[in-house]
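**Q** Sharing a structure here in C-alpha cells format.
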Amino acid sequence: MIRKFLHVTNQLRGRPAFLALEALLAIFIAVPQLFADEPYARTRDYDLQHSKIALRFDLDQKKVLGEVTHSLSVLRDGTGKIVFDSAGLTIQKVTINKATAKFETTAEKLIIPLASEARAGDKFDIVIRYEGKPTKGMYFILPDKDYPDRPSQIWTQGESEDTHYYLPTYDYPNDRLTTETILTVPASWITVSNGKLISVTDAGKGLKTWYWKESVPSSTYLITAVAGEFDEVKESWRGIPVTYYAPKGRGDRLSISYGRTPAMMELFSKKLGVDYPWEKYAQVMVDDFVAGGMENSSATTNTSSSLVHPKLAPEYFTGEDDLISHELGHQWFGDLVTCKDWGDVWLNEGFATFLEVVWTEAHFGKDQADYERWNNAREWFANSNLWNKPIVRHDFDDSSEFDGNAYGKGGWVLYMLRHQLGEDAFYRGLKHYLEAHRGKNVVTADLAKAIEEATHTNVDQFFSQWLYGAGAPKFDLSYSYDAEKHQVALTVKQSQTVEGRVGLFRAPVEVEITTASGPKLYNVPVSKEKQIFPLPADSAPLMLLFDKGGHILKSSEFHKEKKEWLYQLKNASDLPDRADAVVALGKMKGDEEVVAALGESLRSDKAWGVRATTADTLGHLGGAPSSKLLLAALDSNEKPWVRSRVVSALGNFKDDAAIVAKLNAVAKQDDSYRARAAALQALGQLKASTAFATLEAAVNADSPDGFLRNAALRSLGSLGEEKAVPLLLEWSAAGKPIDSRRAAINSLARLQKDNQDITKQIAAYLTEPHFPIRMAAIYALGGRGDATAIPALEALLKSDDLSIEMTPMIKGQIARLKKPADGKPRANSGYGDTDEESAENVGSENLTTEQRLEKLERLLQEMSERLKSMEKRLPPAKPQ
Ligand SMILES: [Zn+2]
C-alpha cells in the first residue's frame with residue numbers, strides 16, 4: 001500500500017488526468033504525524049494464533065456488530081492480563097474459556113484481567129462481543145438521496161494500524177494468525193475475505209452468511225472483509241481460483257484491466273522459485289477507496305478507478321499493470337514474509353515496486369522497464385525530503401514511513417542488487433530468503449544473511465550504504481583524451497555533501513567508450529571523493545557513457561561538449577542514455593542545432609519514452625522552432641501516450657494564435673481522448689481568448705466516464721474567467737458524478753476569491769457524507785485563502801462522523817487560512833509545511849499561489865504520464 005506522492009500520479013494514470021490537485025496539495029502541504037505508527041515491534045505477552053471473526057452490519061447507522069473468538073497462547077510466565085487494541089468500539093461482553101470475564105477499556109485498548117497469573121504456553125479462547133461505528137478501518141459506501149443508484153459497498157483497510165477500529169485485536173505486524181471470517185449480509189450481496197470460501201448459507205430475514213477460512217497465517221493488518229453489490233469474473237491459475245470483482249454494473253471492465261493477472265502469477269512464481277502461496281487470489285475493486293491498492297492476504301482491494309472505461313483503456317500503454325503487479329508481488333513480500341516492524345517496511349514496498357518492473361520487463365520489454373526506472377530515479381531525486389533519510393529507519397515522527405524511500409528507492413536498490421549479483425544469483429538469494437522466512441516476520445538483516453547464504457557473496461557494504469545510509473551519489477564527471485598515449489583520463493567526483501547518514505558511495509561502474517572503431521566496455525570501481533581513471537582508447541572518443549544503461553541510482557553532471565550529447569542522443573543503445581542526452585540538451589537554450597536534433601528524436605527515436613521526454617523538453621525550451629516541431633508531431637500517428645504529451649507541451653507557448661487554433665481543433669475532435677483532455681488543459685493554461693467557449697462545450701458534452709468534461713472543469717480554474725462560475729456551481733452540486741464535482745469544486749475555489757457566497761457554497765460541501773467531496777472542499781477552501789471559511793472548517797472538526805484521518809488535514813488548511821496578511825507563514829503554526837516549502841517541493845520559488853497552483857497542475861499533468869507507481873492513497877491516511 002502507499003500513502004504518499006506516488007499514488008497521486010497513479011491516481012492520475014488510472015483516472016482522468018488533472019483531477020487530483022487537492023490530493024497533491026494534501027501531500028505538499030504536510031501536516032504533523034498526529035497518529036504516528038509504532039516504529040519498533042512490540043514486546044509480546046501472547047501469540048494470537050487464530051481468530052474467528054463474525055460480523056453483521058447495521059446499514060442505516062453504518063455500524064458493525066461483531067463477535068470475535070481469539071485463540072491465543074501466553075508467551076511469558078506471570079501474565080496477568082490480556083490486552084487487545086480496540087478504538088471506538090463498545091465492548092458488550094467478554095468470555096475467557098467460556099466464562100464471563102471482567103474487562104476495562106481505554107481510548108486505544110481493551111484490557112482483560114486473567115483470574116490468575118498465566119504461565120507461558122497456557123492457551124485461552126477469548127470471545128468478545130462488540131459493536132461500533134468505525135471512523136477508520138471499515139468504510140460504508142451506500143446509496144443515499146443524492147446517489148440513489150450507487151452500489152452498496154462495505155470494505156476494510158487495515159494497514160497500517162487500523163484493523164482495531166473495527167475489530168478488537170493485536171494490531172501490529174509482528175504476530176501471525178489464521179482466520180475464519182463469517183459475514184452476514186443481505187442475500188443479494190457478495191462478500192470477499194481472506195482464504196477459501198467454505199459456504200454460503202441462508203441466515204433468514206433476507207440475509208445470507210458467507211464463511212471464509214484462511215489456513216495460512218498472516219498479520220492482522222492483512223485481514224479484509226468486503227461486502228456489497230458486485231459483479232464477479234472467475235478465472236484460474238494452476239487450479240487456484242482467480243477472481244475479480246467490480247461494483248455492480250462495471251463488471252464488463254474487469255477483464256480489460258485485470259485479465260493479465262494469471263500471467264503475472266506464473267511469471268512471479270517462476271522467477272522467485274516459490275509458487276504463489278495462497279489458496280486463491282481475489283481482487284476486489286471498491287469505490288472511494290482510501291488507498292490505491294491493498295495487498296490483503298489472498299484478497300487484494302483496489303480502487304475502482306482502476307476499472308478504466310473500455311474506450312479509454314487502449315489509451316494507456318501499460319494499463320493498470322503497475323498496480324496489479326505491485327499488489328500481487330506483495331502476496332510474497334509483505335504477506336508470506338512480513339516486515340517485523342514499520343521501520344523495515346521497505347521489505348514489503350521495495351519488493352512490490354521492484355516486481356512491477358519485473359513484470360514490465362517481461363511483458364512490455366526492456367525499453368519500458370528502463371523508462372520506468374529512469375523516471376523513478378528522477379522522481380526520487382526531485383523529492384528532497386527523502387535525501388537524508390535512510391530506507392531502514394525508525395524515526396518517523398515527522399513523516400510517514402510509507403515514503404519514496406520505501407517504494408521508489410527500495411525498488412531501485414533491489415534492481416541494483418540484481419545487476420551486481422547477476423540474475424541467477426539474485427533470484428537464488430530471494431528464493432532462499434522466502435523459503436527460510438516463509439510465514440515469519442523479518443528485518444533487513446535477514447535478507448542480507450539469506451543472500452549471503454545462497455550466493456556466498458557478502459552484501460554488507462552494499463546494504464550499509466544503500467539501506468542503512470541515506471542519499472545517493474551525485475557525480476561530477478569530465479574526461480580528457482591524450483592522443484599520444486591513446487588514453488582517456490576520466491575524472492569522477494562525488495559531489496554530494498557528506499553529512500549525517502549520507503556518505504561517499506562505493507560502486508562498480510560500467511563505462512563505455514565509443515571511438516571510430518566501435519564501443520568498448522570497462523568496469524571502474526568508484527569509491528572516493530575524487531578519482532581519475534585512465535582508460536585506453538585508440539582514438540578520441542565519440543561518446544563516453546558513465547554507467548552505461550543507467551544501472552546505478554545517481555544524478556550526474558557530465559561536462560560534455562554539445563556534439564557528444566548530440567551523438568549520444570542519436571546513437572546510445574540504451575534508453576536511459578538517450579533520455580539523459582535529451583535532458584542535457586534541453587538546458588541549451590536558443591540553439592537551432594539542438595532543437596533540430598530534438599526534433600529528429602521526437603520523430604524517430606525507437607522508444608516512446610524518449611519521444612515523449614523530447615516533447616516535454618521542446619515545450620520547456622520554447623521558441624518558434626520548437627513549437628513548429630511539436631505542431632508537426634501532431635500530424636504523425638503517435639499513440640495517445642505520446643500524443644497527449646506533445647499536446648501538453650504546446651501549453652507552454654503563450655500568445656501564439658496558430659497553437660491556440662490547433663489546440664482548439666484537437667480539443668474538439670481527435671482520435672485520442674487523452675490528447676483532447678490535454679488540449680483542454682493547455683487552453684486554460686494559455687488563457688486563450690477562445691478557451692472558454694471550447695471548455696464550456698466540453699463540459700456540456702458527454703464522453704466516457706466524463707473524461708473530457710472533467711478535464712474542462714479542471715481547466716476552467718486555470719483559465720480564471722469569472723463567467724465560468726455558474727457552470728462550476730452547477731457541476732459542483734450534489735448528484736453530479738463525484739469526479740466531476742471534485743474538479744469543479746477545485747476550480748470554483750480559484751475564481752472570484754473575494755466572493756464569500758462562493759466560499760459559503762464550497763463550505764456547504766464539507767458536511768456531505770462523501771469522502772472525496774469533503775476532501776476536495778477542505779483543500780479548495782485552504783487554497784482559496786478566504787478566512788471566512790474558518791468557522792465551517794472548525795465546525796467540521798467537531799462532527800461526530802469525521803474520519804479520524806481528516807482531522808490533521810483540516811487543521812492544516814485552517815492554519816493556511818490563518819496566515820497573516822503579509823503572506824508570510826506563521827512561525828510554528830503547528831500544522832505542516834509552509835507554502836514556501838510546498839513550492840520548493842515542486843521546484844518553484846517565489847511564486848504566487850496562483851502560479852503555484854498552475855505549476856502544480858502542470859506537474860500533475862506531466863506526472864500523469866510519466867511517473868509510475870502503484871498504489872495511491874487519497875487522502876493520505878497518516879499525514880504525509
Ligand atoms: Zn505496496
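The values are calculated or read from the model by the stated rules, or taken from the named source; none is laboratory data. As the structure is a prediction and not an experimental result, all values here were calculated from the model. Every residue, glycine among them, receives a Cβ derived from its backbone with ideal geometry; neighbour counts consider all protein chains shown. Protein only, heavy atoms only, side chains kept; ligands, DNA and RNA dropped before computing areas. Shrake-Rupley method; radii C 1.70, N 1.55, O 1.52, S 1.80 Å.
**Q** Take the residues in segment 64-78 that are touching a Lys or Arg at 6+ places or on another chain (Cβ under 7 Å) and open to solvent by 40 Å² or more (accessible area, probe 1.4 Å), then tell me which one is nearest to Met138 (Cα to Cα).
**A** Looking at the filtered set, the residue picked out is Leu65.
**Q** Taking the condition under 15 Å from the mean Cα position of the chain (by Cα), part of a loop (DSSP other than H, G, I, E, B), within 12 Å of the ligand (Cβ to nearest atom) and of a type outside the set (Lys, Arg), does Phe351 pass?
**A** No.
**Q** Mind checking which pairs have a first residue in segment 391-409 that is part of a loop (DSSP other than H, G, I, E, B) and a second that is among the acidic types (Asp, Glu) and away from the ligand (no atom under 12 Å from the Cβ), Cβ under 7 Å, 6 or more apart or different chains?
**A** Going by the 7 Å Cβ cut-off, the qualifying pairs are Val392/Asp344; Glu401/Asp37.
**Q** To continue, here is another question. Out of everything in segment 410-441 that is within 16 Å of the ligand (Cβ to nearest atom) and in contact with a Ser or Thr (Cβ under 9 Å, 6 or more places away or on another chain), what residue ends up being farthest from Asp47 (Cα to Cα)?
**A** Among those residues, the one meeting the criterion is Trp412.
**Q** Inspect segment 290-304 for any residue being away from the ligand (no atom under 16 Å from the Cβ) and either under 18 Å from the mean Cα position of the chain (by Cα) or touching a residue at least 40 places away in the same chain (Cβ under 8 Å) (or both) and give the result as yes or no.
**A** yes
**Q** A follow-up question, please. Determine which single condition Pro310 fails, assuming it passes every other condition in (1) surrounded by fewer than 24 Cβ atoms within 10 Å (Cβ to Cβ); (2) within 15 Å of the ligand (Cβ to nearest atom).
**A** With (1) surrounded by fewer than 24 Cβ atoms within 10 Å (Cβ to Cβ); (2) within 15 Å of the ligand (Cβ to nearest atom) applied to Pro310, the lone miss is (2).
**Q** Residues Ser400, Ser325: which one is closer than 25 Å to Ser218 by Cα and at pLDDT below 95? Steps first, please.
**A** Values: Ser325 fails: at pLDDT below 95.
Going through Ser400, Ser325 in turn, the sole match is Ser400.
**Q** Would you call Ala282 over 30 Å from Gly249 (Cα atoms) and of a type outside the set (Phe, Trp, Tyr)?
**A** Values: over 30 Å from Gly249 (Cα atoms): no; of a type outside the set (Phe, Trp, Tyr): yes.
Criteria not met by Ala282.
**Q** Please name all residue pairs, on different chains or six or more residues apart, with Cβ atoms under 7 Å, provided the first residue is in segment 412-441 and is modelled with pLDDT of 95 or more and the second residue is open to solvent by 70 Å² or more (accessible area, probe 1.4 Å).
**A** His432/Glu453; Asn441/Lys340
**Q** Next question, about the same structure. Exactly one condition in (1) in a strand (DSSP E or B); (2) open to solvent by 70 Å² or more (accessible area, probe 1.4 Å); (3) farther than 29 Å from Leu802 by Cβ is false for Thr90; which is it?
**A** Just one mismatch for Thr90, condition (3).
**Q** Suppose the filter is in a loop (DSSP other than H, G, I, E, B) and open to solvent by 30 Å² or more (accessible area, probe 1.4 Å); does Ser160 pass it?
**A** No; evaluated as a whole, the condition is false for this residue.
**Q** What are the residues in segment 649-692 that are in contact with an Asp or Glu (Cβ under 7 Å, 6 or more places away or on another chain) and crowded, with 21+ Cβ neighbours inside 10 Å, if any? Write out each step before concluding.
**A** Kept after step one, since they are in contact with an Asp or Glu (Cβ under 7 Å, 6 or more places away or on another chain), are these residues of segment 649-692: 649, 672-674, 676, 685, 692.
The answer is Ala649, Ser672, Tyr673, Arg674, Arg676, Gln685.
**Q** Evaluate the following for Thr224: is it out of contact with any Gly (no Cβ under 6 Å at 6 or more places or on another chain), without any contact (Cβ under 8 Å) to a residue 12 or more places away in the chain and under 26 Å from Asp125 (Cβ atoms)?
**A** On the way: out of contact with any Gly (no Cβ under 6 Å at 6 or more places or on another chain): yes; without any contact (Cβ under 8 Å) to a residue 12 or more places away in the chain: no; under 26 Å from Asp125 (Cβ atoms): yes.
The answer is no for Thr224.
**Q** Tell me which helices (runs of 4 or more DSSP H) are completely within segment 699-779 and hold 2 or more residues being under 19 Å from Gln681 (Cα atoms), or say none if there are none.
**A** Numbers: elements: 707-719, 725-732, 738-748, 756-764.
Those helices (runs of 4 or more DSSP H) span 707-719, 725-732, 738-748.
**Q** Given the criterion within 30 Å of Gly469 (Cβ to Cβ) and open to solvent by less than 30 Å² (accessible area, probe 1.4 Å), identify the matching residue among Val583, Val524.
**A** Val524
**Q** Can you name the strands (runs of 3 or more DSSP E) wholly within segment 218-272 that have at least 2 residues being over 23 Å from Lys196 (Cβ atoms), open to solvent by 10 Å² or more (accessible area, probe 1.4 Å) and not acidic (Asp, Glu)?
**A** It comes to none.
**Q** Right, next: Just name the residue that is nearest to the ligand (Cβ to nearest atom) out of those in segment 313-339 that are in contact with an Asp or Glu (Cβ under 9 Å, 6 or more places away or on another chain) and assigned to a loop (DSSP other than H, G, I, E, B).
**A** Gly334
**Q** Test Glu131 against the stated conditions and say whether it is farther than 20 Å from Trp212 by Cα and surrounded by 21 or more Cβ atoms within 10 Å (Cβ to Cβ). Please lay out each step first, then the result.
**A** Details: farther than 20 Å from Trp212 by Cα: yes; surrounded by 21 or more Cβ atoms within 10 Å (Cβ to Cβ): no.
Taking the combined requirement at face value, the residue does not satisfy it.
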